[in-house]
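A quick write-up on the structure given underneath.
Bear in mind these aren't lab numbers, they're just calculated from the coordinates by the rules spelled out. None of the values given here were measured: they were computed from a predicted structure. Virtual Cβ from ideal backbone geometry, glycine too; neighbours counted across all protein chains shown.
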Amino acid sequence: MTTQTALADLQTLPVPPEVLALDARDPLAHKRGDFLLPEGVIYLDGNSLGALSRRVAARVRGVTEQEWGEALIGSWTLGAAQGRDWMALPDRVAAKIARLIGAQPDEVAVGDSTSVNTFKALAAALGVAPPERRVLLTDADNFPTDLYVAQGLSALLDGRFELRRVPAGEVGAHLGADVAAVLLTQVDYRTGRCLDLAAISAQARAAGVLTVWDLAHSAGAFPVELNAAGADFAVGCGYKYLNGGPGAPAFLYVARRHHDRAPVALSGWMGHADPFEMARDYVPAPGARRFVTGTPMVLSLSALDAALDAFADVDLQVLRAKSLALTDAFIGWLDPACARLSLELVTPRGHHERGSQVSYRHPQAREVMAELIAAGLVGDFRTPDILRFGLTPLYHSFADVYRAARGVQTILEARA
Ligand SMILES: *Cc1c(COP(=O)(O)O)cnc(C)c1O
């Protein structure tokens, strides 16, 4: 069998009965029908851009044609009873996200990008830290935007805070008396390694250090318990596991104990206690709503709002169990071939250290991923040598994962 025929058949590759049995027992199997997944493609990239849910497509059409097209400006304030409450949309979406991250609804603000929210969170954290603490600690290999935003804020504050970058594994040892806050991404975007949010938050708290968590690859992938962990601030992404669509609004979490003291760096009118009073001075709205800056992005917020309904009846422990079963299966199916195919697993095998992706190092990772994508198996290449496969427990089946593992093996065997 040539590579071409092998891969042409990938989507319909026969799946052994024991794999079909896993799908038959999957309590989330019915969720797949909520999504419009493209034909002929195995899409393992929901950690970069989540798939389109059917209810999103319908909602965006309704918001555009009726709420905007017909009701026009009335839709800002018609009221929740008519389902036209654009003003309250950020709060409605915040409540849905709060459940997924272990927060109260009034601790979450929705809008802007993750990058902008990282700025807001860092400025708030540095603003409540004791003045003698002058270090902002972060993972040296953090996601680029986290590092860039921290650099920009540090420059804006005239170098009053030193940005100290250390390896993620050494963060604990650097939580000293000079550290104001620590900025960490829970799941590493390359390796899929998941940090112990509860343990690190507790350690930071004991050391008097504020935590700022980036949950881009956590929210919607597995349960996050920010309040139980005593976390201080967090941000996350709307378009990855939350499936809110390209450029979907992001979220910001601010623990209640900080609401009255944390400075709102981007104090816009939509975070004012009474925006249409048009007062001369900023008076913050109650709770995290004060961190909403400008006019709600209604079209994209509506898409995210509808996308989040897919989680409404999902037990997050069940979601986590399925995610681990999918990643275990993928790893297990590729394990016997790894050495022969120059694949090196970089995702931890330990469940408590794993997000919802599987990554391998390969010397020709860039070319290999291009071939996989051309063959209809969509993952990501990440510099310098990472093949990344995102597994989304809401819409992936074990059959998908089996076929994907076979596809990777087929492409690599043809190259070997
Ligand atoms: C995807 C991602 C972001 C995205 O930031 P944007 O402002 O939405 O572009 C931020 N942080 C991490 C860790 C990410 O993986």
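Tabulated values for the structure
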item	result
Semi-axes of the equivalent ellipsoid for region 71-311, Cα gyration tensor, largest first, Å	30, 20, 15
Ranked ASP139, ASP232, criterion: other C-beta atoms within 10 Å, fewest first	ASP139, ASP232
Mean Cβ count within 10 Å, highest first, over the residues of peptides 54-66, 295-307, 182-194	182-194, 295-307, 54-66
Mean shadow area of the chain over all directions, Cα convex hull, nm²	21.2 nm²
Rounded if a/c under 1.5, otherwise prolate or oblate - region 157-296, Cα gyration tensor axes	oblate
Value of [θ]222 nm, deg cm²/dmol, for the chain, DSSP H segments ≥ 4, -39500 (n - 2.57) each, nearest 500	-10000 deg cm²/dmol
Counted charge near PHE161, where neighbours are those whose Cβ lies closer than 14 Å (Asp, Glu -1; Lys, Arg +1)	+1
Calculated FRET value between ARG164 and ALA374, using beta carbons and R₀ = 41 Å, to 0.05	0.45
Within straight-line cross-link reach of LYS322, lysines at Cα separation under 16 Å, skipping those fewer than 8 residues along the same chain	LYS31
Under-5 Å amide H pairs with GLY102, H placed in peptide plane, nonlocal only	VAL224, LEU226
Residue-by-residue Karplus 3J(HN,Hα) for region 337-352, coefficients 6.51, -1.76, 1.60, Hz, glycine and proline x	9, 4, 4, 5, 9, 6, 9, 10, 5, 10, 7, x, 7, x, 4, 6
